[in-house]
1. Looking at the stretch 38-146, which trypsin sites (Lys or Arg not before Pro) are DSSP coil and have at most 15 other C-beta atoms within 10 Å of their C-beta?
2. Label points 7 Å out from Cα along the Cβ direction at Asp281 and Phe180: separation in nm?
3. Counting only DSSP beta bridges with both residues in the chain, tell me the antiparallel percent, nearest 5.
4. Calculate the length of the line joining the C-alpha centroid of the stretch 160-223 to that of the stretch 31-87, in whole Å.
5. How would the chain be classified by its alpha-carbon gyration tensor: rounded, prolate or oblate, with rounded meaning a/c under 1.5 and the a/b versus b/c comparison settling the rest?
6. For the chain, with a Gaussian network of springs between Cα atoms less than 10 Å apart, report the residue from Lys36, Lys26, Lys250 with the top mean-square fluctuation.
7. Set the Förster distance to 30 Å, then compute FRET efficiency between Arg234 and Met154 from the Cβ-Cβ distance, nearest 0.05.
8. Length gain on complete extension for the stretch Met1 to Gln208, per 0.36 nm per residue less the alpha carbon to alpha carbon distance?
Amino acid sequence: MRSFFFIVNTRIGQQRIQQIETLIQKYLPTASCIVKKTEYGGHATVLAQEALLNSNNIVVAVGGDGTVNEIVQVLATTSTPLAIIPTGSGNGLARHCGIPLNTEQAVALLRNAQIVPIDLGRANATYFISNAGVGFDALVCHAIQETKSRGLKMYIINVIKKYFRYKKDEYTLISDERTFQQKAFFLNIANGKEFGYGFQIAPLASMQDGLLDVVLVKNMNVAAGVRFVIDGWRQRLHINNNCICFSVKKIIIEGKRLQYFQTDGDAHTCNGRCEIEIIKDGVQLLVPQLTQNL
């Protein structure tokens, strides 16, 4: 019998927490369920460490991509499976993997979901599931982190605020295949397709192919920006002529003004260098039965 260790991000609100507790009783009445609620930023990581003390647990992340990312820092390269009840704003991982965004359907899925291995990325020793990046998107993620706010509206506000003062950096990219220099507005290194909100940064990405998809965005004027947004929602950024796209197992990115990198939307500091690599089958994930081609 499956046992579950729920880690609930309390930022979803008390009403939604009560809904999830009711759904647990409805769909998992005979399972062993522990429900823990976060009390501060980073607490999900601490709770995940507690969950590992019982190797029979499936750890259930109740929150957005940020909550999942905190828990993955602990579950990476272990045999403890991860499940997701997506309650965030972007929910890029859940969309990629076909996990229902409807809360009741996501809880019900826990009864008979299959467990499959998926790849992880690692950027300067920090794990990520969906994507990492440097340049403008990392700067925006850092600005949002400073405000302690989330959501599409806050993202758009910070994109507008930062855009007019942002200067492109020239990056040196070093991989097994090649080394080259290129000015870029930003670089995204994707393990999954989704940036969040249904926007696909890397439409051809797979979480099971042992590769990361690099998307280098050269410019971002008004015309390029409109095309970028349209192509992202139409799942065709890989043929956008303002992007350079290729796949790697490992890449080193160096830049004179490289101060920040982001992993699944969380910003981190660095000193001009970011080393990113794939971790094959890095975490076990619960997904709907018959799901293929993750």
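Any read-out appearing in this document is the output of simple, stated calculations on the displayed coordinates, not a laboratory observation. The shown structure was predicted, so the numbers you read here are calculated from the model rather than taken from an experiment. As a convention, Cβ positions derive from the backbone with ideal geometry for all residues, glycine included, and neighbour counts pool all protein chains shown.
1. Filter output for the stretch 38-146: Arg111.
2. Once both label points are built, they end up 3.4 nm from each other.
3. Antiparallel bridges make up about 75 percent of those DSSP assigns within the chain.
4. 29
5. Taking the square roots of the gyration eigenvalues as a ≥ b ≥ c, the chain is prolate.
6. The residue with the greatest mean-square fluctuation here is Lys26.
7. The calculated FRET efficiency here is 0.75.
8. My answer for the length gained is 71.8 nm.
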